[in-house]
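The values are calculated or read from the model by the stated rules, or taken from the named source; none is laboratory data. This is a predicted model, so every value here is computed, not measured. Positions of Cβ are generated from backbone atoms using ideal geometry, with glycine treated the same way; all protein chains shown enter the neighbour counts.
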Amino acid sequence: MTEDHYFTARPASADERRTIRVTLAGRDVEVETAPGIFSPGHVDLGTQVLLRQVPDPRGRVLDVGCGWGPIALEAALRGADEVTAVDVNERALDLLRRNAARLGVTVAAELPDDVPAEATFDTIWSNPPIRIGKEALHALLTAWLPRLAPGGEAYLVVQKNLGADSLARWIAEQGWGTVEKVGSSKGFRVLRISA
């Protein structure tokens, strides 16, 4: 038996699509989800905490670890100039593309290697995949946080009991910008990195 993880490139579980109702950018909308992705039944609590804490997006926005797309879709619905979303899960990317079309917004849903190396972003929002392990998480953040444009801001949501404080210290040590806790709710911390 194959165990699926939301960070699996091609989930082995059946691709059984279904529609759910969620609230994004203050609107009740219908989106498509499926098994084998992160939080297929709802907008997960960490993402809800993040979306309540972040200001409206500025300029070019990046969603790291997008899943079916709640963060990227929220950014697009809130009027971001341009939204790019990355994930290793191909089913999740397909769902995000379909959900963006359903909601009438534009989101570039890409595999990480398909984003041009020179691309920078004014805003990064992420509920990063903590469960991939510390080494893989550090590699993921090392790939994306340095892409913040000068004056840009990244917002990450992390469970307190899964290492939010130690992650904040590690990010600060990398020299990518100023790190501060800007919110805390329901066991989650929201971190802001200012370039």
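Side notes on the structure shown:
- Only one of the numbered conditions (1) farther than 23 Å from GLN53 by Cα; (2) surrounded by fewer than 13 Cβ atoms within 10 Å (Cβ to Cβ); (3) of a type in the set (Val, Ile, Thr) is violated by ILE132, and that is (2).
- Listing of helices (runs of 4 or more DSSP H) fully contained in region 10-129 that carry 3 or more residues being within 24 Å of ALA195 (Cβ to Cβ): 45-53, 70-77
- Check on ASP122, surrounded by 19 or more Cβ atoms within 10 Å (Cβ to Cβ) and at negative phi: yes
- Residues satisfying the stated conditions in region 96-117, i.e. under 22 Å from LEU140 (Cβ atoms) and surrounded by 12 or more Cβ atoms within 10 Å (Cβ to Cβ): LEU96, ARG97, VAL107, ALA108, ALA109, GLU110, LEU111, PRO112, VAL115
- Within region 155-180, residues that are surrounded by 12 or more Cβ atoms within 10 Å (Cβ to Cβ) and part of a loop (DSSP other than H, G, I, E, B) have Cβ atoms under 6 Å from residues that are among the hydroxyl-bearing types (Ser, Thr, Tyr) and modelled with pLDDT of 95 or more in these pairs: GLY177/SER194, counting only partners at least 6 apart in sequence or on another chain.
- Filtered residues of region 23-34 (kept if crowded, with 21+ Cβ neighbours inside 10 Å and aliphatic (A, V, I, L, M)): LEU24, VAL31
- Within region 35-52, considering residues that are at pLDDT below 95 and crowded, with 18+ Cβ neighbours inside 10 Å, the one nearest to ARG131 (Cα to Cα): PHE38
- First in region 71-90 and surrounded by 24 or more Cβ atoms within 10 Å (Cβ to Cβ), second anywhere and in a loop (DSSP other than H, G, I, E, B) and charged (D, E, K, R), Cβ under 7 Å, 6 or more apart: none
- Condition met for LEU145 (buried (at least 21 other Cβ atoms within 10 Å of the Cβ), modelled with pLDDT of 95 or more, in a helix (DSSP H, G or I) and touching a Pro at 6+ places or on another chain (Cβ under 9 Å)): no
- Test set (1) touching a Pro at 6+ places or on another chain (Cβ under 7 Å); (2) free of Cβ contacts under 8 Å to residues at least 12 places away in the same chain - ALA136 fails condition number: (1)
- ILE124 being in contact (Cβ under 8 Å) with a residue 24 or more places away in the chain and closer than 26 Å to SER13 by Cβ: no
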